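Remarks on the structure that follows.
The values are calculated or read from the model by the stated rules, or taken from the named source; none is laboratory data. Note that the structure is predicted; figures quoted are calculated from it, not measured. Glycine gets a Cβ as well: all are built from the backbone with ideal geometry, and neighbour counts include every protein chain shown.
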Amino acid sequence: MTSDTLLTVSGFSVTYDVDPPVEAVRDVSLELRRGEILGLAGESGCGKTTLAYGIQRLLKPPAVITGGHTVFHDESGSDVDINALTPEQLRAFRWDKVSMVFQGAMNALNPVTRIGDQLEDVFTTHRPSMGKAERRDECARLLDIVGVGRDRVKSYPHELSGGMRQRVMIAMAMALRPQLMIMDEPTTALDVLVQRGILRQISELREELGFSVIFITHDLPLLLEISDRIAVMKDGRIVEIDTAERIYRDAQHEYTRRLLSSFPSLTGDRGGFVRGDDARVASGARKEVAR
């Protein structure tokens with residue numbers, strides 16, 4: 001563990017206590033660096049979301065953590081053993097130090113409560129010393145940061161598009177300026193233009209605010225665009241972890257190569273992942289879409 005390490009996961013395992021038991025996460029170890037975007041890729045059911053929930057102790061029965069531990073290296077210099085936190089300590093830790101954008105998050109807003117009031121609840125719970133005017137100013141600022149606009153603070157969720165609701169959830173996750181944001185398929189239900197806009201914004205916010213991101217998706221090509229490093233999961237295990245560049249250029253595991261080959265070439269024959277000249281064409285096309 002180095003001084004720039006934010007999170008250390010060691011030998012982490014989760015089993016679903018059903019008949020027969022299902023080993024959803026098996027002996028996973030990884031380190032997350034400060035300011036890093038770590039992509040977590042793999043097919044549906046490989047254990048990505050279970051790992052993310054387990055790291056924060058959000059799992060509910062029949063899921064059981066059967067091994068390993070998770071240590072959060074706070075910027076204050078103290079180490080936090082997440083497995084040892086009491087329920088009260090966990091409530092204070094979540095959202096303040098680590099926040100999460102859940103899968104299907106754009107449908108998670110309360111439909112009968114204004115956007116501003118839902119954002120304010122975060123501060124009311126975790127920053128009780130803040131005055132009402134300060135809370136309102138901060139909520140308006142957050143909506144500006146994520147591109148929704150402060151004029152929407154009195155809107156109800158049904159008055160926003162899917163992309164705007166997703167941005168509100170991202171604003172909520174970053175409200176307390178956590179050191180780590182875990183994002184579980186945050187753009188899956190969005191069209192490609194909205195998706196690219198949100199991805200660009202996540203990258204810009206990471207650069208500006210310095211938080212780390214664990215970005216979970218089955219879309220490996222997407223992770224190649226935004227991640228510093230990528231961890232590939234299969235059957236509950238991490239089978240390969242490396243920089244996005246090396247994963248793209250020289251994937252070592254057969255499963256990673258199969259994931260790469262599932263993305264079709266833009267200019268060549270069907271069935272191959274874009275490489276070489278195709279990669280430059282694809283990169284240019286993605287940049288045009290992002291604009």
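Test VAL18 against the criterion of being in contact with a strand residue (DSSP E or B) (Cβ under 7 Å, 6 or more places away or on another chain) and in the same structural domain as GLY210 (by TED's automatic domain parsing), and give yes or no. For VAL18, the condition - in contact with a strand residue (DSSP E or B) (Cβ under 7 Å, 6 or more places away or on another chain) and in the same structural domain as GLY210 (by TED's automatic domain parsing) - is not met.
Test ASP228 against the criterion of being assigned by TED's automatic domain parsing to the domain that holds CYS46 and either touching an Asp or Glu at 6+ places or on another chain (Cβ under 9 Å) or among the aromatic types (Phe, Trp, Tyr) (or both), and give yes or no. Judged against the criteria, ASP228 is a match. Counting the residues of the stretch 166-191 that are more than 22 Å from LYS48 (Cβ to Cβ) and modelled with pLDDT under 90 gives 2. Here MET169 clears all of (1) under 28 Å from ALA244 (Cα atoms); (2) loosely packed, with under 15 Cβ neighbours inside 10 Å; (3) outside the structural domain of GLU75 (by TED's automatic domain parsing); (4) of a type outside the set (Phe, Trp, Tyr) except the condition numbered (2). Could you check the stretch 74-87 and list, in sequence order, the residues that are in a loop (DSSP other than H, G, I, E, B) and surrounded by 10 or more Cβ atoms within 10 Å (Cβ to Cβ)? Across the stretch 74-87, the qualifying residues are ASP74, GLU75, LEU85. Whenever a residue of the stretch 53-69 is in the same structural domain as ASP17 (by TED's automatic domain parsing), its partners that are in a helix (DSSP H, G or I) and crowded, with 18+ Cβ neighbours inside 10 Å, lying with C-beta atoms within less than 6 angstrom and at least six residues away or across chains, give the pairs LEU59/TYR53; ILE65/GLY54. When the stretch 88-97 is filtered for residues that are more than 18 Å from HIS69 (Cβ to Cβ) and surrounded by fewer than 18 Cβ atoms within 10 Å (Cβ to Cβ), the ones remaining, listed by number, are GLU88, ARG91, ALA92, ASP96. Restricting attention to the stretch 115-142 and to residues that are among the aliphatic types (A, V, I, L, M) and not in a loop (DSSP other than H, G, I, E, B), the residue that is farthest from GLN166 (Cα to Cα) turns out to be ALA133. Restricted to the stretch 15-49, and to residues there that are surrounded by 15 or more Cβ atoms within 10 Å (Cβ to Cβ) and free of Cβ contacts under 8 Å to residues at least 60 places away in the same chain, the residue that is nearest to ILE214 (Cα to Cα) is GLU31. Listed by position, the strands (runs of 3 or more DSSP E) contained in the stretch 148-265 that have at least 1 residues being among the acidic types (Asp, Glu) and touching a helix residue (DSSP H, G or I) at 6+ places or on another chain (Cβ under 9 Å) are 180-184, 237-243. The residues of the stretch 91-114 that are over 26 Å from THR217 (Cβ atoms) and outside any loop (DSSP other than H, G, I, E, B), listed by number, are ARG91, ALA92.
One residue alone among VAL9, VAL25 is touching a His at 6+ places or on another chain (Cβ under 9 Å) and either assigned to a strand (DSSP E or B) or acidic (Asp, Glu) (or both), and that residue is VAL9.
Of all residues in the stretch 114-157, exactly one satisfies the criterion of being touching a residue at least 40 places away in the same chain (Cβ under 8 Å) and loosely packed, with under 13 Cβ neighbours inside 10 Å, namely LYS154.
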